[in-house]
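As structure tokens, the structure follows; a few thoughts come after it.
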Amino acid sequence: MSLPSFMQQIGLDAPGKPDVLRLEQAPVPAPGPGEIVIRVQAAGVNRPDVLQRLGRYPVPPGASLVIGLEVAGVVAVLGEGVGEWGVGDRVCALTNGGGYAEYCAVPASQCLPWPDGYGAVQAAALPETFFTVWANLFGHGHLQAGETVLIHGGTSGIGTTSIALALAFGAHPIVTAGSAEKCAACEKLGARAVDYHAQDFVAAVQALTDGQGLDVVLDMVAGPYLSRNIACLRQDGRLVVIAVQGGTKDDKFDILPVMHRRLVITGSTMRPRTRAEKGSIAAALREQVWPKLNAGQCAPIIHATFPLKDAAAAHALMESGAHVGKIVLIVD
Ligand SMILES: NC(=O)c1ccc[n+]([C@@H]2O[C@H](COP(=O)([O-])OP(=O)(O)OC[C@H]3O[C@@H](n4cnc5c(N)ncnc54)[C@H](OP(=O)(O)O)[C@@H]3O)[C@@H](O)[C@H]2O)c1
């Protein structure tokens, strides 16, 4: 496949509102050792992209400055030492940046095949949330079949993926969401739901679990949620924090319940992980989750698509909070 010299990508001159995002021309990236260049057909939009646009998400050293953490498309060029993929293969990838573009260079180890029957939009909706949920819910959180998990932000991209994976692996998801409509959307996906504006989620969880409490909490809020999450956990429960939308500190935090109930508090970020770490998550997904995607036992939830040139509208929708599931840019 011969590559053009230039491509279209989404750029910005300075951090700001969604309308700072605009199409621009840029050189097509070349693959480094162990990388492939993907001709991008669709690119997922994620909350960290919004934070990057606002100037609140530092780009790791060496990563593309262009926004975009996940893509799906066709392998266009192989870098030195890449043996596992061939030109023309359909792949989706967790990128290190640079997804909002016609071509994107990614480590080959961070690529996965499109699941059976998938198109580019569905495939592009997988990597960021599936890598994150797998690593946190099942890796750090050790979620097991038969256990009950509370997922905050049930309608988010992360939330809908967490519901799908929890159910596919035999766990029982309870979610929080910010309205009755959002709760209904989560119930349709198979979760029990608590409207956190209308109810105290700690009391609601105790009622839903007959006072038994939870095995795992996946939290994207933190701040004052930290002690409330701990109040929900049963003996040997695990709290996994993946974002701090409510702040980083909790004045009411008390270590005694953690000791008495042998709780584990952990958390992580995906983007700064090394190529080897991301590659090992990709390998685990391929072995354990891709067969379930191929069999239709779990799937991404797509809320809306936009052409690449309308990336600003996609960001405005995400910031409105009206979406349920993923927002995806169509690149060609
Ligand atoms: N650690 C990692 O590696 C990693 C990776 C990817 C994403 N993340 C984080 O995970 C979160 C979800 O990402 P996404 O791309 O799925 O975003 P998204 O679809 O935009 O979802 C954001 C969610 O946060 C919920 N929310 C906001 N403030 C809240 C509050 N005070 N209480 C409860 N819920 C609140 C919103 O739900 P309501 O409207 O119902 O309040 C919404 O569902 C983001 O914070 C993102 O930064 C972390």
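Screening the candidates ILE265, ILE302 for the property of being within 16 Å of the ligand (Cβ to nearest atom), open to solvent by 30 Å² or more (accessible area, probe 1.4 Å) and more than 18 Å from the chain's Cα centre (by Cα) yields one hit, ILE265. VAL149 satisfies every condition listed in (1) open to solvent by 10 Å² or more (accessible area, probe 1.4 Å); (2) more than 9 Å from the ligand (Cβ to nearest atom) except (1).
Looking at GLY73, GLY11, can you tell me which residue is away from the ligand (no atom under 16 Å from the Cβ), closer than 19 Å to ALA282 by Cα, open to solvent by less than 20 Å² (accessible area, probe 1.4 Å) and touching a Lys or Arg at 6+ places or on another chain (Cβ under 7 Å)? One residue alone meets the criteria, GLY73.
For segment 155-177, the set of residues classified as over 13 Å from LYS326 (Cβ atoms), in contact with a His (Cβ under 8 Å, 6 or more places away or on another chain) and near the ligand (Cβ under 8 Å from one of its atoms) consists of THR176 only. Pick from segment 102-130 the residues that are open to solvent by less than 10 Å² (accessible area, probe 1.4 Å), touching a Ser or Thr at 6+ places or on another chain (Cβ under 8 Å) and more than 16 Å from the ligand (Cβ to nearest atom): which of them is nearest to ILE242 (Cα to Cα)? This residue is VAL106.
Listed conditions (1) within 28 Å of TRP114 (Cβ to Cβ); (2) within 18 Å of the chain's Cα centre (by Cα); (3) in a helix (DSSP H, G or I) are all met by PRO291, apart from (2).
Please list, ordered by first then second residue, the pairs with beta carbon atoms under 6 Å, 6 or more apart or interchain, first in segment 201-221 and among the aromatic types (Phe, Trp, Tyr), second open to solvent by less than 60 Å² (accessible area, probe 1.4 Å) and within 16 Å of the ligand (Cβ to nearest atom). From segment 201-221, the pairs are PHE201/THR176; PHE201/VAL194.
How do the pairs read when you match residues in segment 76-91 that are without any contact (Cβ under 8 Å) to a residue 12 or more places away in the chain with residues anywhere that are crowded, with 17+ Cβ neighbours inside 10 Å, using Cβ under 7 Å and keeping only pairs 6 or more apart or on different chains? Filtered contacts from segment 76-91: GLY86/VAL75. Count of segment 199-218 residues, restricted to those that are surrounded by fewer than 20 Cβ atoms within 10 Å (Cβ to Cβ), touching a Cys at 6+ places or on another chain (Cβ under 9 Å) and more than 19 Å from ALA171 (Cα to Cα), is 1. Which residues, counting only those in segment 53-69, are near the ligand (Cβ under 10 Å from one of its atoms) and within 15 Å of ILE327 (Cβ to Cβ)? Answer for segment 53-69, where residues must be near the ligand (Cβ under 10 Å from one of its atoms) and within 15 Å of ILE327 (Cβ to Cβ): just LEU69.
The values are calculated or read from the model by the stated rules, or taken from the named source; none is laboratory data. From a predicted model like this one, the values you see are computed outputs, not experimental measurements. When we count neighbours, we look across all protein chains shown, and the Cβ atoms used for this are built from the backbone with ideal geometry, even at glycine. These accessible areas exclude ligands, DNA and RNA; they are computed on the full protein's heavy atoms, side chains included. Shrake-Rupley method; radii C 1.70, N 1.55, O 1.52, S 1.80 Å.
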